[in-house]
């Protein structure tokens, strides 16, 4: 969905949802998901208007499309005939995203592995050819992780690993510069901090960008590629779990390093307020342990910080009477929940919806800080299959997604952004 603001001429917002909600391993499966979920949403929310799509192509499908020009042309024509605009891509999960037991495997292959670079380049090549119209006001964003799950890196190797990973981002950025020269389409690799990953927070990622760019002062080609083709994917669930301030100073630091927010993933985390006294909420959170996705937890209080890599680790920590978990005034869990909810019924669980709303409002209020003329906002609640009943709400999946969209559209409208 394309939105404009009367006071910000030439600036646009493109709102989409991510297809990793219904991941497909084949092109036929991709078409099926688009027909079953995306097109009904389009008809409800923006009939007769362009409808942006957050594409997800696992590695095998991305490779197949990148090497088959005819099928790629057919996909582009199919999307165009239905008014679907593939404006942003998710290249974080390599494949098997909804498989039982995925957990930390979602980070494989890591960013020091050549297969990760090839996958990202395949997605970029497909994305550049699918964009229906290129021009100075358009770009494609591709989100990816910061390098690896933290369990794969020793503390003493942290800085050197980040340097290796950043060098590979620069290598991809150089290829993205080539794609723009040859095809006229700008692609921005947007790196997504996540709790318990190689770079957990936006603030730390800004420091990495600033340091690495200083080391490349004598490499003008690399600096140009970084400034134009590298940025950050700001996931509001991840940032909330890290307790990053909505108006944190890392934004200025990142902008000063020549990068910026290439993409906002509008997402909500779970929150347990007063976990010591909120027995219902505590139990409800621990009961959400499931076998597909990682659910990192951070607890914070005036004199305490606690971190867990997943819910079983939180359970074990809580069982220790002297652990820091008992001194925390709030726990936040990386469990994506519908972005329109502020609580999960009477479960004792809250969400970080208000935090996501504040972060988005700050981005919308300052288009001059965007690294491009448009801002990509992507709803990414991929957990519908594992959500408790009170979170899914009434009706079918499309009804739940429509409620999410209408909440985000209301936030955009409150900041003056309207459907084009």
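For the chain, modelled as a GNM with alpha-carbon contacts under 10 angstrom, which of 158, 198, 75 fluctuates the most?
158
Distances longer than 34 Å among the Cα atoms of the chain: what percent of all pairs is that?
That fraction is 26 percent.
Would you kindly calculate the translational diffusion coefficient of segment 145-200, applying Stokes-Einstein with the Kirkwood radius from alpha carbon pairs, for 20 °C and a viscosity of 1.002 mPa s, and quote it in µm² s⁻¹ without decimals?
172 µm²/s
Kindly work out what percent of the DSSP beta bridges joining two residues of the chain are antiparallel, to the nearest 5. Present the calculation step by step, with values, prior to reporting the outcome.
On the way: 23 of 54 bridges.
Among the beta bridges of the chain, antiparallel pairing accounts for roughly 45 percent.
Could you please state, rounded to a whole Å, how far the C-alpha centre of segment 141-173 is from the C-alpha centre of segment 282-314?
25 Å
Express the relative contact order of segment 105-226 as a whole percentage, based on alpha carbon pairs under 8 Å and six or more residues apart in sequence.
31 percent
Which residue, 220, 388, 58, has the most motion in a Gaussian network model of the chain that connects Cα atoms within less than 10 Å?
Among 220, 388, 58, the largest GNM mean-square fluctuation belongs to 220.
Could you work out which residue, out of 50, 70, 192, moves most in a Gaussian network model of the chain, that is, has the largest mean-square fluctuation with Cα springs under 10 Å?
It is 70.
If each residue of separation counts as 0.36 nm, what is the full-extension length gain between residue 44 and residue 289 once their alpha-carbon separation is subtracted?
84.8 nm
What order do you get for 364, 409 when you list them from fewest to most C-beta neighbours inside 10 Å?
Going from sparsest to densest Cβ surroundings: 409, 364.
What number, in percent, do you get for the relative contact order of segment 18-154 if the mean sequence gap of Cα pairs under 8 Å and at least 6 apart is divided by its residue count?
So the answer I get is 27 percent.
How high is the relative contact order of the chain, in percent, counting Cα pairs under 8 Å that sit 6 or more residues apart?
Rounded, it is 18 percent for the chain.
Neighbouring Cβ atoms within 10 Å as the yardstick, rank 1, 55 fewest first.
1, 55
Can you give me the Cα centroid spacing of segment 189-247 and segment 50-90 in angstrom?
Between the Cα centres of segment 189-247 and segment 50-90 lies a distance of 27 Å.
How much length would be gained if the chain were fully extended between residue 274 and residue 182, taking 0.36 nm per residue of separation minus their Cα-Cα distance, in nm to one decimal?
Working it through step by step, the gained length comes to 27.5 nm.
Hey, what number do you get for the chain at 222 nm if only DSSP H runs of n ≥ 4 count, each worth -39500 (n - 2.57), divided across all residues, to the nearest 500?
Estimated from H runs of four or more residues: -12000 deg cm²/dmol.
Determine the gain in length on full extension of the stretch residue 82-residue 158; use 0.36 nm per residue of separation and subtract their C-alpha separation, reporting nm with one decimal.
Fully extending the segment from residue 82 to residue 158 adds 22.7 nm.
Rounded to the nearest 5, what % of the DSSP beta bridges within segment 1-155 are antiparallel ones? Spell out each step's value before the answer.
Details: 3 of 12 bridges.
Around 25 percent antiparallel, to the nearest 5.
So for 263, 213, fewest C-beta neighbours within 10 Å to most, what's the order?
With the fewest neighbours first, 263, 213 line up as 213, 263.
Rule-based calculations on the coordinates, nothing more; no lab input. This one's a predicted model, so the numbers in the text were calculated from it and none came from an experiment. Methodologically, a virtual Cβ is constructed for each residue, glycine included, from the backbone with ideal geometry; neighbour enumeration extends over all protein chains shown.
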